[in-house]
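One structure is given here, and the rest of the page talks about it.
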Amino acid sequence: MSTFPATRLRRLRRTGALRSLVRETRLDVSDLVYPLFVGPESMQNEELPALGRFSVEDLAREAEELLGLGISAVILFGIPEEKDEEGSGAYAADGIVQCALRSLRERYPDLVLVTDVCLCEYTSHGHCGVIEDGEVANDATLELLARTAVSHVESGADVVAPSDMMDGRVAALRAALDEAGFPDTAIISYAAKYASAFYGPFREAAESAPAFGDRRGYQLDPANVREAIRECELDVAEGADVLMIKPALPNLDVLRAVRERFDLPVAAYNVSGEYAIVKAAAARGWLDERQAATESLTAIKRAGADFVVTYWAKELAGWH
């Protein structure tokens, strides 16, 4: 028997105020983490402003602007002046991220400083680890990742986020941090990081494209979700405090599955390609950027993310 006309679901959609009153998923600036690229000198990106690069001095001014907009967390990526086979700039005491951390920590004690822990921006070959016999050597890479994480925390990082997808990296970082006297430092694990086509603009900005081959030997196959759950299970057992899914939009099903399976906070990385697609379409008048970006981020939250790393954080703060 039909319930029409007694049940009319459009009643609560009639006005903006009513829609807001019954809205199920809320998107707030406090849910967002803004990626920042720091290098020897500042470089603007006219087409994709959020993928510009800051010097250490200019980064401090950018951080002040972010705090003024209500953005309370950033994740730092470094582009060193020189690269080598083992990515030594990643864990050098005077490395670009370490210098940026010391500057920001002193000036902005309330800003949450997250660092990406990986070697790809620092290696001359662009891979996320040490190369042995033409392959990325998992276990040899772990030691360098652990050194990088400790150096970041010594310089002022609140949270470290390993993105390399080496087996055992969370355990290696947890042991190194504990031994160095940082048992309270949290680890956000890029637990399910897929070998995705959507990383292109980031790799250009970070100068981290592989010089040979690709990363399919260590990043997840986009066809797999059960494997992503296994990755998350291992990272939880190794001591991860937060699980992250990357990229976000092509993997909303994975995000939902992880949310339902685990009680840890879950993050999602709304990657550069997702940002660039909307920017390009908006530039051609094909869609409204504000509406498309807000809808995308809301979908990521609705799928289960507690917070989102996104290049739209500054713009969203201005839109709200």
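The values are calculated or read from the model by the stated rules, or taken from the named source; none is laboratory data. Values in this document were obtained by computation on a predicted structure and should not be read as measured data. Using ideal geometry, Cβ is built from the backbone for each residue, glycine included, and neighbour counts are taken over all protein chains shown. Calculation scope for accessible area: heavy atoms of the full protein, side chains included, ligands and nucleic acids excluded. Shrake-Rupley method; radii C 1.70, N 1.55, O 1.52, S 1.80 Å.
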Worksheet item: Which one of these does Pro80 not meet: (1) at pLDDT below 95; (2) crowded, with 19+ Cβ neighbours inside 10 Å; (3) in a helix (DSSP H, G or I)?
Response: (3)
Item to complete: For region 34-76, name all the residues that are out of contact with any strand residue (DSSP E or B) (no Cβ under 8 Å at 6 or more places or on another chain), of a type in the set (Asp, Glu) and closer than 13 Å to Ala313 by Cβ.
Response: Glu65
Worksheet entry | Out of Arg290, Arg284, sole residue that is of a type in the set (Lys, Arg) and within 23 Å of Glu24 (Cβ to Cβ) | Arg290
Fill in: Options Leu104, Leu67; residue that is in contact (Cβ under 8 Å) with a residue 40 or more places away in the chain, in a helix (DSSP H, G or I), among the aliphatic types (A, V, I, L, M) and open to solvent by 10 Å² or more (accessible area, probe 1.4 Å)
Leu67
Practice prompt. Please list, ordered by first then second residue, the pairs with beta carbon atoms under 7 Å, 6 or more apart or interchain, first in region 2-24 and without any contact (Cβ under 8 Å) to a residue 40 or more places away in the chain, second loosely packed, with under 10 Cβ neighbours inside 10 Å.
Written response: Leu12/Val22
Item to complete: Test Asp263 against the stated conditions and say whether it is in a helix (DSSP H, G or I), farther than 15 Å from Pro201 by Cβ and either open to solvent by 40 Å² or more (accessible area, probe 1.4 Å) or not aromatic (Phe, Trp, Tyr) (or both).
Response: no
Practice prompt. Only residues that are closer than 26 Å to Thr310 by Cα and either surrounded by 11 or more Cβ atoms within 10 Å (Cβ to Cβ) or touching a His at 6+ places or on another chain (Cβ under 9 Å) (or both): list them for region 1-22, please.
Written response: Arg19
Worksheet entry | Single residue of Ala176, Ala197, Ala180 found to be among the aliphatic types (A, V, I, L, M), closer than 22 Å to Ile96 by Cα and open to solvent by 40 Å² or more (accessible area, probe 1.4 Å) | Ala180
Worksheet item: Does region 112-127 include one or more residues that are within 30 Å of Gly70 (Cβ to Cβ), open to solvent by 50 Å² or more (accessible area, probe 1.4 Å) and in contact (Cβ under 8 Å) with a residue 40 or more places away in the chain?
Response: yes
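Within region 135-164, work out how many residues are over 18 Å from Ile79 (Cα atoms) and touching a residue at least 12 places away in the same chain (Cβ under 8 Å).
Number satisfying all stated conditions: 14.
Per-residue answers, yes or no, for (1) in contact (Cβ under 8 Å) with a residue 12 or more places away in the chain; (2) in a strand (DSSP E or B); (3) over 20 Å from Leu144 (Cβ atoms):
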position	(1), (2), (3)
Met166	yes, no, no
Arg174	yes, no, no
Ile188	yes, yes, no
Ala192	yes, yes, yes
Tyr199	yes, no, yes
Phe212	yes, no, no
Gly217	yes, no, no
Pro222	yes, no, yes
Response to the item:
The condition from (1) open to solvent by 40 Å² or more (accessible area, probe 1.4 Å); (2) closer than 22 Å to Asn224 by Cα; (3) among the hydrophobic types (A, V, I, L, M, F, W, C) that Leu287 misses is numbered (2)
